[in-house]
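Okay, so here's the structure we're looking at.
The values are calculated or read from the model by the stated rules, or taken from the named source; none is laboratory data. Because the structure is predicted, anything quoted here is derived from the model rather than measured. So basically every Cβ, Gly included, is an ideal-geometry build from the backbone, and we count neighbours across all protein chains shown.
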Amino acid sequence: MSPTPPINLSVVIPVYNEEGNLPTLFSRLYPVLDALGRSYEIIFTNDGSADRSCELLAVQHAARPDVTRVIEFNANYGQHMAIMAAFERVRGEVIITLDADLQNPPEEIPNLLLKTDAGYDCVGGARQNRQDSAFRRYISQLVNWVRRHMTDIQMTDQGCMLRAYSRTVVDGIIRSGAVNTFIPALAYSLAQKPTEIPVAHEERHAGTSNYSVYRLIRLNFDLITYFTTAPLQIFTIFAMFCSGCSFLLVIVLGARRLYFGPEEGGIFTLFGILFFLISVCMVGIGLIGEYMGRTYQVVRNRARYHVSHILETAE
(Lines give C-alpha, C1' and ligand atoms only; values in the text may rest on other atoms or scores of the structure.)
Protein backbone atom coordinates (compact mmCIF):
# COMPACT_ATOMS: atom_id res chain seq x y z
CA MET A 1 0.00 0.00 0.00
CA SER A 2 2.96 2.36 0.46
CA PRO A 3 3.46 4.60 -2.58
CA THR A 4 6.78 5.25 -4.25
CA PRO A 5 8.11 7.79 -3.48
CA PRO A 6 6.47 7.91 -0.04
CA ILE A 7 4.17 10.80 0.86
CA ASN A 8 4.71 12.46 4.20
CA LEU A 9 1.44 14.35 4.61
CA SER A 10 -2.18 13.82 3.56
CA VAL A 11 -4.76 16.57 4.07
CA VAL A 12 -8.37 15.36 4.04
CA ILE A 13 -11.17 17.88 3.35
CA PRO A 14 -14.88 16.99 3.16
CA VAL A 15 -16.84 19.31 0.88
CA TYR A 16 -20.58 19.92 0.87
CA ASN A 17 -21.99 22.97 -0.91
CA GLU A 18 -18.86 25.07 -0.41
CA GLU A 19 -18.56 26.85 -3.76
CA GLY A 20 -18.24 30.21 -2.00
CA ASN A 21 -15.35 29.00 0.16
CA LEU A 22 -13.32 26.80 -2.18
CA PRO A 23 -11.46 29.50 -4.16
CA THR A 24 -10.24 31.16 -0.96
CA LEU A 25 -9.41 27.78 0.54
CA PHE A 26 -7.27 26.91 -2.51
CA SER A 27 -5.44 30.24 -2.39
CA ARG A 28 -4.58 29.80 1.30
CA LEU A 29 -4.06 26.05 1.66
CA TYR A 30 -1.64 25.24 -1.16
CA PRO A 31 0.92 27.97 -0.27
CA VAL A 32 0.95 26.75 3.35
CA LEU A 33 1.64 23.17 2.30
CA ASP A 34 4.19 24.15 -0.37
CA ALA A 35 6.14 26.08 2.26
CA LEU A 36 6.45 23.02 4.53
CA GLY A 37 9.03 21.35 2.33
CA ARG A 38 7.26 17.99 2.70
CA SER A 39 5.72 15.71 0.13
CA TYR A 40 1.96 15.97 0.43
CA GLU A 41 -1.41 15.24 -1.11
CA ILE A 42 -4.81 16.85 -0.63
CA ILE A 43 -7.90 14.66 -0.84
CA PHE A 44 -11.22 16.44 -1.28
CA THR A 45 -14.36 14.36 -0.81
CA ASN A 46 -17.35 15.96 -2.51
CA ASP A 47 -20.25 14.77 -0.35
CA GLY A 48 -23.04 15.09 -2.90
CA SER A 49 -22.88 18.88 -3.24
CA ALA A 50 -25.78 20.50 -5.09
CA ASP A 51 -23.85 23.65 -6.06
CA ARG A 52 -20.73 24.18 -8.23
CA SER A 53 -18.34 22.56 -5.77
CA CYS A 54 -17.82 19.58 -8.09
CA GLU A 55 -16.80 21.84 -10.98
CA LEU A 56 -14.41 23.89 -8.83
CA LEU A 57 -12.75 20.75 -7.50
CA ALA A 58 -12.29 19.41 -11.04
CA VAL A 59 -10.67 22.69 -12.12
CA GLN A 60 -8.34 22.61 -9.11
CA HIS A 61 -7.38 19.01 -9.85
CA ALA A 62 -6.49 20.02 -13.41
CA ALA A 63 -4.38 22.92 -12.06
CA ARG A 64 -2.49 20.83 -9.46
CA PRO A 65 -2.86 17.17 -10.49
CA ASP A 66 0.38 16.20 -8.78
CA VAL A 67 -0.96 16.80 -5.26
CA THR A 68 -4.75 16.94 -5.66
CA ARG A 69 -7.18 14.03 -5.50
CA VAL A 70 -10.98 14.30 -5.58
CA ILE A 71 -13.45 11.66 -4.42
CA GLU A 72 -17.00 12.15 -5.72
CA PHE A 73 -19.94 10.66 -3.81
CA ASN A 74 -23.17 9.94 -5.68
CA ALA A 75 -25.20 11.41 -2.77
CA ASN A 76 -24.83 13.08 0.60
CA TYR A 77 -23.60 10.64 3.26
CA GLY A 78 -22.38 13.07 5.90
CA GLN A 79 -19.11 14.66 6.93
CA HIS A 80 -17.71 11.68 8.77
CA MET A 81 -18.37 9.23 5.94
CA ALA A 82 -16.65 11.70 3.59
CA ILE A 83 -13.61 11.68 5.87
CA MET A 84 -13.73 7.89 6.17
CA ALA A 85 -13.69 7.49 2.39
CA ALA A 86 -10.56 9.63 2.20
CA PHE A 87 -8.94 7.76 5.11
CA GLU A 88 -9.33 4.52 3.18
CA ARG A 89 -7.33 6.02 0.30
CA VAL A 90 -4.70 8.23 1.98
CA ARG A 91 -1.03 7.61 1.22
CA GLY A 92 0.61 9.86 3.81
CA GLU A 93 2.22 8.97 7.12
CA VAL A 94 0.53 11.93 8.84
CA ILE A 95 -3.11 12.70 8.07
CA ILE A 96 -4.75 16.06 8.78
CA THR A 97 -8.48 16.71 8.61
CA LEU A 98 -9.69 20.21 7.76
CA ASP A 99 -13.12 21.72 7.09
CA ALA A 100 -13.66 23.58 3.83
CA ASP A 101 -15.46 26.53 5.41
CA LEU A 102 -12.19 28.19 6.58
CA GLN A 103 -13.38 28.57 10.16
CA ASN A 104 -10.29 26.56 11.08
CA PRO A 105 -7.51 28.38 9.19
CA PRO A 106 -5.10 26.18 7.18
CA GLU A 107 -2.26 28.35 8.53
CA GLU A 108 -2.57 26.30 11.76
CA ILE A 109 -1.38 23.11 10.03
CA PRO A 110 2.34 23.67 10.80
CA ASN A 111 1.47 23.88 14.52
CA LEU A 112 -0.21 20.48 14.37
CA LEU A 113 2.82 19.02 12.61
CA LEU A 114 5.12 20.26 15.36
CA LYS A 115 3.23 18.00 17.75
CA THR A 116 3.20 14.98 15.45
CA ASP A 117 6.94 15.43 14.93
CA ALA A 118 7.29 15.37 18.73
CA GLY A 119 5.77 11.89 18.84
CA TYR A 120 2.05 12.54 19.44
CA ASP A 121 -0.17 10.26 17.36
CA CYS A 122 -3.42 12.23 17.72
CA VAL A 123 -3.34 16.03 17.86
CA GLY A 124 -6.65 17.82 18.32
CA GLY A 125 -7.39 21.49 17.89
CA ALA A 126 -9.16 23.43 20.65
CA ARG A 127 -10.83 26.48 19.13
CA GLN A 128 -10.01 29.82 20.77
CA ASN A 129 -12.32 32.87 20.63
CA ARG A 130 -14.99 30.96 18.72
CA GLN A 131 -16.86 32.99 16.12
CA ASP A 132 -20.02 30.88 16.26
CA SER A 133 -23.34 32.11 17.63
CA ALA A 134 -23.91 32.09 21.38
CA PHE A 135 -26.47 29.29 20.95
CA ARG A 136 -23.96 27.00 19.21
CA ARG A 137 -21.29 27.76 21.80
CA TYR A 138 -23.62 26.90 24.69
CA ILE A 139 -24.82 23.73 22.99
CA SER A 140 -21.20 22.73 22.35
CA GLN A 141 -20.34 23.26 26.03
CA LEU A 142 -23.33 21.17 27.09
CA VAL A 143 -22.46 18.34 24.69
CA ASN A 144 -18.81 18.37 25.79
CA TRP A 145 -19.92 18.14 29.43
CA VAL A 146 -22.26 15.20 28.73
CA ARG A 147 -19.59 13.39 26.71
CA ARG A 148 -16.93 13.84 29.40
CA HIS A 149 -19.21 12.38 32.07
CA MET A 150 -20.57 9.48 30.01
CA THR A 151 -17.49 8.29 28.12
CA ASP A 152 -13.74 8.05 28.61
CA ILE A 153 -13.17 10.52 25.76
CA GLN A 154 -11.65 13.55 27.51
CA MET A 155 -11.29 16.00 24.61
CA THR A 156 -11.56 19.72 25.28
CA ASP A 157 -13.23 20.54 21.97
CA GLN A 158 -14.85 17.62 20.19
CA GLY A 159 -16.38 19.77 17.46
CA CYS A 160 -13.10 21.02 15.97
CA MET A 161 -12.20 19.02 12.86
CA LEU A 162 -8.74 20.54 12.51
CA ARG A 163 -6.81 17.49 13.71
CA ALA A 164 -3.71 15.46 12.90
CA TYR A 165 -3.44 11.67 13.11
CA SER A 166 -0.65 9.19 12.65
CA ARG A 167 -1.05 6.52 9.99
CA THR A 168 -1.38 3.90 12.74
CA VAL A 169 -4.43 5.65 14.21
CA VAL A 170 -6.06 6.08 10.80
CA ASP A 171 -5.49 2.40 9.98
CA GLY A 172 -7.17 1.54 13.28
CA ILE A 173 -10.17 3.70 12.38
CA ILE A 174 -10.49 1.91 9.04
CA ARG A 175 -10.25 -1.54 10.65
CA SER A 176 -13.00 -0.64 13.13
CA GLY A 177 -15.55 -0.85 10.31
CA ALA A 178 -17.72 1.70 12.13
CA VAL A 179 -21.01 2.52 10.41
CA ASN A 180 -22.07 5.45 12.58
CA THR A 181 -19.25 6.99 14.53
CA PHE A 182 -17.61 10.24 15.52
CA ILE A 183 -14.11 10.17 14.05
CA PRO A 184 -12.30 12.49 16.54
CA ALA A 185 -13.55 10.44 19.49
CA LEU A 186 -12.76 7.12 17.82
CA ALA A 187 -9.25 8.34 16.97
CA TYR A 188 -8.75 9.50 20.56
CA SER A 189 -9.75 6.07 21.87
CA LEU A 190 -7.22 4.38 19.54
CA ALA A 191 -4.32 6.78 20.17
CA GLN A 192 -1.47 5.92 22.53
CA LYS A 193 -0.28 9.51 22.96
CA PRO A 194 -3.03 12.06 22.25
CA THR A 195 -2.81 15.79 22.90
CA GLU A 196 -4.55 19.07 22.05
CA ILE A 197 -3.33 22.49 21.06
CA PRO A 198 -5.14 25.85 20.89
CA VAL A 199 -6.02 26.90 17.34
CA ALA A 200 -7.51 30.05 15.89
CA HIS A 201 -11.13 30.21 14.82
CA GLU A 202 -12.53 32.47 12.12
CA GLU A 203 -15.96 33.46 10.92
CA ARG A 204 -17.33 31.36 8.10
CA HIS A 205 -16.05 32.89 4.86
CA ALA A 206 -19.24 32.27 2.87
CA GLY A 207 -22.50 30.35 3.09
CA THR A 208 -24.11 28.90 6.18
CA SER A 209 -23.35 25.93 8.39
CA ASN A 210 -24.49 22.56 7.08
CA TYR A 211 -25.15 21.34 10.62
CA SER A 212 -28.71 21.95 11.77
CA VAL A 213 -29.76 21.37 15.37
CA TYR A 214 -31.27 18.05 14.31
CA ARG A 215 -28.03 16.88 12.67
CA LEU A 216 -26.04 17.92 15.73
CA ILE A 217 -28.38 15.87 17.95
CA ARG A 218 -28.01 12.85 15.66
CA LEU A 219 -24.24 13.22 15.64
CA ASN A 220 -24.07 13.25 19.41
CA PHE A 221 -26.40 10.26 19.67
CA ASP A 222 -23.83 8.45 17.50
CA LEU A 223 -21.01 9.62 19.74
CA ILE A 224 -22.58 8.52 23.02
CA THR A 225 -24.19 5.25 21.91
CA TYR A 226 -21.08 4.09 20.01
CA PHE A 227 -18.67 4.53 22.90
CA THR A 228 -20.68 3.63 25.99
CA THR A 229 -23.74 1.83 27.35
CA ALA A 230 -24.02 4.41 30.13
CA PRO A 231 -27.40 5.73 28.86
CA LEU A 232 -28.91 2.25 29.30
CA GLN A 233 -27.39 1.92 32.76
CA ILE A 234 -28.59 5.38 33.81
CA PHE A 235 -32.07 4.60 32.54
CA THR A 236 -32.10 1.29 34.43
CA ILE A 237 -31.15 3.05 37.66
CA PHE A 238 -33.81 5.70 37.04
CA ALA A 239 -36.44 3.03 36.31
CA MET A 240 -35.54 1.23 39.56
CA PHE A 241 -35.88 4.51 41.43
CA CYS A 242 -39.30 5.15 39.87
CA SER A 243 -40.40 1.62 40.73
CA GLY A 244 -39.36 2.09 44.34
CA CYS A 245 -41.17 5.43 44.54
CA SER A 246 -44.28 3.92 42.96
CA PHE A 247 -44.27 1.06 45.45
CA LEU A 248 -44.00 3.48 48.35
CA LEU A 249 -46.77 5.63 46.88
CA VAL A 250 -49.08 2.61 46.62
CA ILE A 251 -48.49 1.87 50.30
CA VAL A 252 -49.14 5.51 51.25
CA LEU A 253 -52.33 5.71 49.17
CA GLY A 254 -53.56 2.37 50.59
CA ALA A 255 -52.89 3.51 54.15
CA ARG A 256 -54.67 6.86 53.54
CA ARG A 257 -57.69 5.06 52.10
CA LEU A 258 -57.91 2.73 55.11
CA TYR A 259 -57.49 5.60 57.54
CA PHE A 260 -59.43 8.43 55.87
CA GLY A 261 -61.69 6.51 53.51
CA PRO A 262 -62.29 7.35 49.82
CA GLU A 263 -61.01 10.80 48.76
CA GLU A 264 -62.20 13.02 45.93
CA GLY A 265 -59.63 13.62 43.22
CA GLY A 266 -57.58 10.52 44.00
CA ILE A 267 -58.18 9.11 40.56
CA PHE A 268 -56.42 12.08 38.99
CA THR A 269 -53.35 11.45 41.13
CA LEU A 270 -53.27 7.89 39.85
CA PHE A 271 -53.64 9.13 36.26
CA GLY A 272 -50.71 11.51 36.75
CA ILE A 273 -48.53 8.70 38.12
CA LEU A 274 -49.62 6.39 35.29
CA PHE A 275 -48.81 8.93 32.57
CA PHE A 276 -45.40 9.57 34.12
CA LEU A 277 -44.52 5.89 34.22
CA ILE A 278 -45.72 5.40 30.64
CA SER A 279 -43.50 8.26 29.49
CA VAL A 280 -40.55 6.67 31.29
CA CYS A 281 -41.22 3.40 29.46
CA MET A 282 -41.41 5.19 26.11
CA VAL A 283 -38.06 6.89 26.70
CA GLY A 284 -36.54 3.53 27.58
CA ILE A 285 -37.96 1.89 24.46
CA GLY A 286 -36.55 4.70 22.32
CA LEU A 287 -33.14 4.37 23.95
CA ILE A 288 -33.06 0.62 23.42
CA GLY A 289 -34.17 1.21 19.84
CA GLU A 290 -31.15 3.48 19.25
CA TYR A 291 -28.77 0.68 20.20
CA MET A 292 -30.71 -1.96 18.29
CA GLY A 293 -30.79 0.26 15.20
CA ARG A 294 -27.03 0.60 15.25
CA THR A 295 -26.68 -3.16 15.66
CA TYR A 296 -28.99 -3.67 12.68
CA GLN A 297 -26.93 -1.33 10.50
CA VAL A 298 -23.80 -3.33 11.29
CA VAL A 299 -25.44 -6.73 10.77
CA ARG A 300 -26.97 -5.94 7.38
CA ASN A 301 -23.45 -5.03 6.17
CA ARG A 302 -24.51 -2.49 3.55
CA ALA A 303 -22.03 -0.11 1.95
CA ARG A 304 -21.55 3.03 4.04
CA TYR A 305 -21.20 5.20 0.94
CA HIS A 306 -20.94 4.96 -2.85
CA VAL A 307 -18.20 6.63 -4.87
CA SER A 308 -19.24 7.76 -8.35
CA HIS A 309 -15.69 8.50 -9.52
CA ILE A 310 -12.24 9.63 -8.37
CA LEU A 311 -10.02 12.27 -9.92
CA GLU A 312 -6.36 11.46 -9.42
CA THR A 313 -3.13 11.12 -11.30
CA ALA A 314 -1.99 7.52 -11.78
CA GLU A 315 1.22 6.66 -9.96
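Values as computed for the structure displayed
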quantity	calculated
Some residue of segment 4-25 being farther than 26 Å from Glu203 by Cβ, buried (at least 17 other Cβ atoms within 10 Å of the Cβ) and modelled with pLDDT under 95	yes
Qualifying residue in segment 29-46 (condition: more than 22 Å from Glu108 (Cβ to Cβ) and either not hydrophobic (A, V, I, L, M, F, W, C) or not assigned by TED's automatic domain parsing to the domain that holds Arg204 (or both))	yes
Filter result for Val59 (β-branched (Val, Ile, Thr) and more than 29 Å from Arg175 (Cα to Cα))	yes
Enumeration of residues in segment 56-113 that are polar (S, T, N, Q) and either part of a helix (DSSP H, G or I) or under 28 Å from Gln158 (Cβ atoms) (or both)	Gln60, Asn76, Gln79, Thr97, Gln103, Asn104, Asn111
Among the candidates Glu107, Glu72, Glu93, Glu55, residue that is of a type in the set (D, E, K, R), more than 21 Å from the chain's Cα centre (by Cα) and crowded, with 17+ Cβ neighbours inside 10 Å	Glu93
Hits in segment 22-55 (condition: among the hydrophobic types (A, V, I, L, M, F, W, C) and in contact with a strand residue (DSSP E or B) (Cβ under 9 Å, 6 or more places away or on another chain))	Leu22, Leu25, Leu29, Leu33, Leu36, Ile42, Ile43, Phe44, Cys54
Test result for Glu72, touching a Lys or Arg at 6+ places or on another chain (Cβ under 7 Å), in contact (Cβ under 8 Å) with a residue 12 or more places away in the chain and charged (D, E, K, R)	no
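Table: residues versus (1) outside the structural domain of Ile234 (by TED's automatic domain parsing); (2) farther than 18 Å from Glu196 by Cα; (3) surrounded by 13 or more Cβ atoms within 10 Å (Cβ to Cβ); (4) at pLDDT below 70.
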residue	(1), (2), (3), (4)
Asp132	yes, yes, yes, yes
Met155	yes, no, yes, no
Leu162	yes, no, yes, no
Asp171	yes, yes, yes, no
Arg175	yes, yes, no, no
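Here's the yes/no breakdown for (1) exposed (fewer than 13 other Cβ atoms within 10 Å of the Cβ); (2) modelled with pLDDT of 70 or more; (3) out of contact with any Asp or Glu (no Cβ under 6 Å at 6 or more places or on another chain):
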residue: Pro198; (1), (2), (3): no, yes, yes
residue: His205; (1), (2), (3): no, no, yes
residue: Val213; (1), (2), (3): yes, no, yes
residue: Leu219; (1), (2), (3): no, no, yes
residue: Ile251; (1), (2), (3): yes, yes, yes
residue: Ile278; (1), (2), (3): yes, yes, yes
residue: Val299; (1), (2), (3): yes, no, yes
